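One structure is given below, encoded as structure tokens.
The values are calculated or read from the model by the stated rules, or taken from the named source; none is laboratory data. It should be emphasised that the depicted structure is a prediction, and the values quoted were computed from it without experimental measurement. Quick reminder, even Gly has a Cβ in these numbers, built from the backbone with ideal geometry, and neighbours come from all protein chains shown.
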Amino acid sequence: MSIGGALVAGEDTRSGGPAGGLGVRCEGVVHLYKTFGGHDVVALRGVDLVIAPGERVAFLGPSGSGKSTLLTLLGGIQKPSAGRIFLGDEEISRMGERYLARIRSRSVSTMLQGATRNLLPYATGRQNIAFARLALSSSERRDAMLDTELLGRVGLEEQADQVVSTMSGGQRQRLALACSVATAPRLLLADEPTSQLSHEDRDHVLHLIHSLGDDFGTTIVVVTHQPEVAATFPRTVTMKGGRVGAEGRHGSEYAVVGEDGVLHLPGHVAAEWPPGTLVKFEDDDQGRLIITRSSGEGAGL
């Protein structure tokens with residue numbers, strides 16, 4: 001199977017040039033949801049985050065840390081309980097549903113976890129691509145890559161007329177990705193796009209995702225629990241307890257100071273320094289901050 005080249009073709013007819021990426025900004029985003037028992041659960045606690053146009057970011061974190069919730073908020077699928085979210089210059093957190101639907105269908109594409117949640121199971125690969133493009137104008141559809149060529153780019157040319165329910169898991173995931181880029185989105189949001197895939201299919205999907213960024217400068221945000229997947233992204237954001245706890249940039253890890261000075265320690269340090277540990281902050285002569293753990297009485301629980 002050969003996969004390569006650009007994923008989609010055409011230009012953004014609204015601007016007269018290539019679409020490019022869409023910047024993202026979160027300001028104090030809080031989100032609560034109710035359980036079946038009627039209890040309030042805080043999923044996000046004051047998230048501040050900036051993603052530049054064209055950036056590629058992988059979200060990491062344990063189950064329940066808020067990473068998938070944040071992804072749905074960025075895609076306009078849900079609205080935050082408090083705070084503000086901007087896509088480019090548009091504040092989507094206070095936008096009316098009609099205009100928000102237009103942005104979701106033209107500029108932002110969200111892949112939910114599990115390929116079948118993104119596809120019509122009793123339709124063919126070709127029909128799923130056509131469904132993904134329903135919101136496009138007739139001229140935009142004419143400028144878009146032919147469905148057969150797009151399916152060929154994801155290695156599914158022989159499955160163009162095959163019903164989704166008869167495809168393998170890897171084929172469904174590649175079709176879901178083809179559908180998500182069929183409208184040439186400026187922002188691609190993908191929740192666990194490589195989970196439960198073989199190493200070969202995982203590598204193919206990652207190649208396709210990064211090709212979108214290479215060819216069109218699309219902003220890409222991926223949620224993953226796989227370190228080997230996150231390692232292919234130049235920036236990682238680690239969610240902890242509904243907050244941004246750490247960031248990785250080009251191989252270096254940084255802790256992020258949150259609201260009220262909250263600072264999450266790196267995982268290996270937190271494992272050795274239990275709650276109640278006394279730490280000391282000192283400035284050295286070169287403008288660096290040195291943090292040491294006290295070994296005296298009371299240094300720990």
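Test residue 217 against the criterion of being free of Cβ contacts under 8 Å to residues at least 60 places away in the same chain and at positive phi, and give yes or no. Criteria not met by residue 217. If the condition is being in contact with a strand residue (DSSP E or B) (Cβ under 9 Å, 6 or more places away or on another chain), part of a helix (DSSP H, G or I) and either among the aromatic types (Phe, Trp, Tyr) or within 12 Å of residue 250 (Cα to Cα) (or both), then the range 216-239 contributes only 230. Being over 21 Å from residue 72 (Cα atoms), under 24 Å from the mean Cα position of the chain (by Cα) and buried (at least 23 other Cβ atoms within 10 Å of the Cβ) is a description that does not apply to residue 181. Taking strands (runs of 3 or more DSSP E) as the structural unit, those lying wholly within the range 39-140 and holding at least 2 residues that are modelled with pLDDT under 90 and surrounded by fewer than 17 Cβ atoms within 10 Å (Cβ to Cβ) correspond to 40-51. Candidates 49, 87: the one that is of a type in the set (A, V, I, L, M) and touching a Cys at 6+ places or on another chain (Cβ under 8 Å) is 49. Is at least one residue of the range 31-44 closer than 28 Å to residue 181 by Cα and β-branched (Val, Ile, Thr)? No: the range 31-44 contains no residue that is closer than 28 Å to residue 181 by Cα and β-branched (Val, Ile, Thr). For the range 166-178: of the residues being more than 17 Å from the chain's Cα centre (by Cα) and not in a loop (DSSP other than H, G, I, E, B), which is farthest from residue 122 (Cα to Cα)? Among those residues, the one meeting the criterion is 170.
Could you go through the range 192-205 and let me know if any residue there is in a strand (DSSP E or B) and touching a residue at least 12 places away in the same chain (Cβ under 8 Å). Within the range 192-205, none of the residues are in a strand (DSSP E or B) and touching a residue at least 12 places away in the same chain (Cβ under 8 Å).
Within the range 163-186, residues that are closer than 16 Å to residue 153 by Cβ and assigned by TED's automatic domain parsing to the domain that holds residue 132 sit with their Cβ atoms under 7 Å from residues that are among the basic types (Lys, Arg) and not in a loop (DSSP other than H, G, I, E, B), at 6+ positions apart or across chains, in these pairs: 183/106.
Pairing residues of the range 259-288 that are within 25 Å of residue 244 (Cβ to Cβ) with residues that are modelled with pLDDT under 75 and exposed (fewer than 10 other Cβ atoms within 10 Å of the Cβ), at Cβ distances under 6 Å and at least 6 apart in sequence or on separate chains, gives 274/301; 276/301. The single condition from (1) in a loop (DSSP other than H, G, I, E, B); (2) of a type in the set (Ser, Thr, Tyr); (3) over 24 Å from residue 220 (Cα atoms) that residue 183 fails is (3).
Looking at 156, 151, can you tell me which residue is over 16 Å from the mean Cα position of the chain (by Cα), within 19 Å of residue 117 (Cβ to Cβ) and either buried (at least 16 other Cβ atoms within 10 Å of the Cβ) or in the same structural domain as residue 107 (by TED's automatic domain parsing) (or both)?
156
The combined condition, being surrounded by fewer than 19 Cβ atoms within 10 Å (Cβ to Cβ) and in the same structural domain as residue 70 (by TED's automatic domain parsing), is fulfilled by residue 225. Counting residues in the range 235-250 that are of a type outside the set (Gly, Ala, Ser), buried (at least 20 other Cβ atoms within 10 Å of the Cβ), assigned by TED's automatic domain parsing to the domain that holds residue 145 and more than 17 Å from the chain's Cα centre (by Cα) gives zero.
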